[in-house]
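Beneath this line is the structure, given in structure tokens, with notes to follow.
What follows draws every value from the coordinates through simple rules; no lab data is involved. Worth saying up front: this structure is predicted, and the values here are computed from it rather than measured. A quick note on method: Cβ atoms are made from the backbone with ideal geometry, for glycine too, and the neighbour counts reach across all protein chains shown.
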Amino acid sequence: MANEEDIRKIREIMECLFKQNISEKLNKLNDTEKKIYELTGEKVQSEIVKSLKIAPNTISNTWKKLENEGLLIKDGKGYRKVI
């Protein structure tokens, strides 16, 4: 049976692999998609619309794309970053 130290090590390895995977996916996004990702969780959709001067549909579509890529999780009416 695994002890707490083993579980901690496994968790650290998993986090490292997950962060690398996220980094690779983020590098494939265009600048607008990256900015939307960065602002997700910090601002609501209307604030992102104002700050980036883009249409609400652009944000909604990007959020759905990022969710499909495994970068965001649907959280109620909005989205949040996986980590």
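Some points to look at:
- Whole-angstrom Cα spans of the chain along principal axes, big to small: 52, 27, 19
- Within the straight-line cut-off of under 18 Å between alpha carbons, the aspartates and glutamates reachable from Lys53 are Asp31, Glu33, Glu38, Glu42, sequence neighbours fewer than 8 places apart in one chain being disregarded.
- Sites listed here are trypsin sites (Lys or Arg not before Pro) in the range 18-83 whose DSSP assignment is loop and whose Cβ has at most 14 other Cβ atoms within 10 Å: Lys28, Lys53, Lys77.
- Charge dipole (debye, nearest 20) of the chain; +1 at Cβ of Lys and Arg, -1 at Cβ of Asp and Glu: 440 debye
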